[in-house]
Amino acid sequence: MNPLFLNNQVIVYLFSEAALLALTILLFAKIVKFLWFWDFRSYSNRQLKLEKEAYLAMTIATLLFTLKSVLLIFFVHTIDKLSLIIPGAMCAAGVISANSYGMDLLFIKLTVIFTLLLFLIANSYDLQAKTYPLFRFKSWVLIIASGLIFIEFFLDISYFTHIDTSTPVSCCSALFGNLEGANPLPFGLDITKLLLLFYMLYLGTIIALTLETKTITLLTLLLFGVIAYYGVVYFFGTYIYELPTHKCPFCMLQREYYYVGYLLWGSLFFGLFFGVIWVIMSQVGYNITKAKWASMLLLTLFVALCSLYVAIYYSKNGVLL
Amino acid sequence: MVVVEQLNRWYTIDKKRHQILKDISFHVKRGDFVLLRGVSGSGKTTLLSILAGLEKPSSGKVLIDGEPIAKLPDIHLSHFRAKKVGIIFQHFNLIDSLSLQDNVLVPLVALKIGLQEAKAMAERALKSANIAHKSEAYPTKLSGGEKQRGAIARAIVADPPLLLCDEPTANLDRANSLLFIDALHKLHQEGKTIIVATHDPIFDAIDFPHTIIDLKDGQIV
């Protein structure tokens with residue numbers, strides 16, 4: 001048996017995820033029933049019962065979102081603790097890369113939170129009307145969220161069962177740095193091109209949001225999300241750590257760096273989230289201008305924060321890293 | 001004003017279905033005064049609770065002012081009830097720890113009215129129900145008749161077009177019952193639609209136009 005399964009935090013984490021999976025199966029069954037039988041114009045016993053059950057399902061979904069958010073933080077905390085028993089790992093970034101499931105798992109986890117948040121927003125708008133106009137839309141969102149949660153659980157198990165505690169993992173500077181064998185920038189980019197793309201996509205996103213062009217907004221948001229991740233890891237992060245070889249997305253979440261990573265990644269995640277929400281909700285007839293402005297504000301905060309670290313370093317030292 | 005079509009209500013206890021209301025259908029026009037009569041257990045209170053949006057039907061349509069109240073999401077239902085329906089209960093249901101004026105203010109919370117305006121509305125309602133002189137008193141210090149007048153004030157404070165009364169004279173003596181009927185008559189003359197569920201024979205003697213719906217074993221007879 002993999003010794004990781006004897007770790008308290010891993011046990012608590014996996015049991016919690018299993019409990020949430022059971023809740024998701026219950027929710028999934030209810031949502032399928034809603035999609036199959038829902039007919040708001042009917043006054044039949046079945047429809048009136050479905051309307052009552054809808055409240056239960058929406059409450060379960062809200063609970064699911066809350067617990068999934070807490071478990072995401074617990075997951076990061078757990079894998080950070082595992083770095084003590086996995087050779088070569090210095091923080092969560094090393095542990096997450098211990099096998100090929102790690103990054104997929106993290107991505108799925110963020111997507112689950114994203115989808116459940118979309119549900120919560122759609123649900124709040126749906127309940128403001130009297131005829132549940134978004135009922136089918138939000139039900140489909142929950143179907144997608146349920147599917148993602150099933151995949152997430154499979155990845156959870158696969159990830160933890162495939163961590164080999166006897167094989168050293170690459171971490172931080174070894175993984176991302178300039179050492180021999182280090183990963184190069186993706187898509188054949190160099191730092192100049194990366195930064196050019198970073199600022200151009202930021203401006204493009206702001207312009208697209210201002211002009212309310214949905215397809216271009218969605219495209220620029222998604223591209224900016226990818227480029228911003230690499231931008232932080234390969235360039236801006238080194239100014240936070242003040243070390244050119246320290247290219248880690250995780251260490252900035254720790255106390256040594258005043259937890260700035262939470263602000264940085266949080267503003268990027270929610271900036272992208274509100275932008276995508278604005279696009280999706282516009283498609284179903286709700287122009288949520290607050291989401292649009294929140295997206296612009298948070299992305300601007302993210303870019304300003306990234307740039308500020310470079311500016312501060314330059315003003316203090318007179319050189320760039 | 002009130003449309004009820006093919007209304008059914010049943011409870012399932014130990015896998016056995018207990019039918020409380022069966023295929024109830026009736027229409028009430030705006031300004032009507034309706035007596036819902038029947039012995040205890042005939043389904044009057046359940047029907048009134050469904051009309052008030054306090055309970056959901058098992059099947060069937062209930063429209064109040066065109067709104068399908070059994071299908072309204074909760075946030076709309078509370079607002080709708082506060083604005084459109086006044087309820088007078090058999091046991092008055094006043095909150096003992098609040099003064100009469102504060103009891104009357106309670107339904108206005110859902111309407112998010114400013115305190116000054118709400119107080120003015122409460123004062124008008126208390127005057128209209130002839131109980132303004134007891135506005136600072138607590139329910140425990142009031143007689144049955146005074147409590148009932150307080151309950152009337154609370155029911156009419158938001159000026160709802162529909163008043164529902166559930167056995168309103170069950171806890172009143174004859175004199176207070178007659179005073180209560182008189183108060184209802186006045187509200188009826190002001191244009192309110194009133195539905196009274198009762199098995200009190202004192203209502204047999206009312207001398208203003210009204211409609212009678214007789215219920216027996218959950219069905220209209």
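No value in this document is a laboratory result; all are computed from the given coordinates. Just so we're clear, the structure is a prediction, and the values are computed from it rather than from any experiment. Cβ atoms come from the backbone with ideal geometry, glycine included; neighbour counts cover every protein chain shown.
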message: On C-alpha positions alone, give me the angle between the axis of helix B:74-84 and the longest principal axis of chain B, in degrees, nearest 10.
response: 60 degrees
- request: Identify which of B:SER42, B:SER135, B:SER97 has the largest mean-square fluctuation in a Gaussian network model of chain B, with springs joining Cα atoms closer than 10 Å.
  value: B:SER97
field: Those lysines that a straight Cα-Cα span of less than 27 Å connects to B:LYS112, excepting residues fewer than 8 apart in one chain
entry: A:LYS52, A:LYS130, A:LYS290, B:LYS56, B:LYS71, B:LYS83, B:LYS84, B:LYS127, B:LYS134, B:LYS147, B:LYS192
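Go ahead and estimate [θ] at 222 nm for the protein assembly as shown from helices alone: -39,500 (n - 2.57) per DSSP H run with n ≥ 4, summed, over the residue count, rounded to 500.
For the protein assembly as shown, the value works out to -18500 deg cm²/dmol.
May I ask you to list the trypsin sites (Lys or Arg not before Pro) in segment B:99-153 that are in a DSSP loop and have at most 15 other Cβ atoms within 10 Å of their Cβ? Write out the running numbers ahead of the final one.
On the way: sites: B:LYS112, B:LYS119, B:ARG124, B:LYS127, B:LYS134, B:LYS141, B:LYS147, B:ARG149; in loops: B:LYS112.
Loop-located and lightly packed - B:LYS112.
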task: Quick one: order B:TYR11, A:TYR241 by neighbouring beta-carbon count within 10 Å, fewest to most.
output: B:TYR11, A:TYR241
statement: In segment A:1-56, the trypsin sites (Lys or Arg not before Pro) that sit in a DSSP loop and have at most 10 other Cβ atoms within 10 Å of their own Cβ are A:ARG41
- request: Relative to the longest principal axis of the C-alpha atoms of chain B, give the angle of the C-alpha long axis of helix B:174-189, reported between 0 and 90° and rounded to the nearest 10°.
  value: 80 degrees
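Roughly how crowded by other chains is peptide A:119-129, in terms of the mean Cβ count from those chains within 10 Å of each of its Cβ atoms?
1
Mind ranking B:165-175, A:189-199 by how tightly packed they are, going by the mean number of other C-beta atoms within 10 angstrom, highest first?
Values: B:165-175: 17.8, A:189-199: 15.1.
The peptides rank, most packed first, as B:165-175, A:189-199.
Need the full-extension length gain, A:THR289 to A:TYR229, defined as separation in residues times 0.36 nm minus the C-alpha distance. One decimal, nm. Please report the intermediate quantities before stating the final value.
Working: separation 60, 0.36 × 60 = 21.60 nm, distance 2.61 nm.
Residue separation times 0.36 nm, minus the Cα-Cα distance, leaves 19.0 nm.
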query: Mind listing which chymotrypsin sites (Phe, Trp or Tyr not before Pro) in segment A:253-301 are in a DSSP loop and have 15 or fewer other Cβ atoms within 10 Å?
result: A:TYR258, A:TYR259
- request: For chain B, set up a Gaussian network in which alpha carbons nearer than 10 Å are linked by springs, and say which option among B:THR198, B:THR45, B:THR140 fluctuates the most.
  value: B:THR140
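Other chains near B:3-9: what is the mean number of their Cβ atoms within 10 Å of each residue's Cβ?
Details: counts 0, 0, 1, 2, 1, 3, 0.
Mean partner shielding for this stretch: 1.
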statement: Simple spin-label estimate for A:ILE73/B:PHE26, 7 Å along Cα→Cβ, in nm, reads 5.7 nm
- line: Given the candidates A:THR111, A:TYR234, B:GLN101, the one whose Cα lies deepest towards the positive end of the charge dipole of the protein assembly as shown, counting +1 at each Lys or Arg C-beta and -1 at each Asp or Glu C-beta, is B:GLN101
- request: Sort chain A into rounded, prolate or oblate with this rule: let a ≥ b ≥ c be the square roots of the eigenvalues of the Cα gyration tensor; rounded if a/c is under 1.5, and if a/c is not under 1.5, prolate when a/b is larger than b/c, oblate otherwise.
  value: oblate
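Average partner chain C-beta neighbours within 10 Å, per residue of B:64-74? Present the calculation step by step, with values, prior to reporting the outcome.
Details: counts 0, 0, 0, 1, 5, 0, 4, 10, 3, 10, 2.
The shielding value for this peptide is 3.
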field: Selected from A:ASN45, A:ASN123, A:ASN99 as most flexible by GNM, with chain A as the system and alpha-carbon contacts under 10 Å
entry: A:ASN45
Tilt relative to chain B, helix B:115-128 - C-alpha long axis, 0 to 90 degrees, to 10: 80 degrees
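With a 10 Å radius around each residue's Cβ, average the other Cβ atoms per peptide and rank B:64-76, B:208-220, highest first.
Working: B:64-76: 17.2, B:208-220: 14.9.
Per-residue mean Cβ counts within 10 Å order the peptides as B:64-76, B:208-220.
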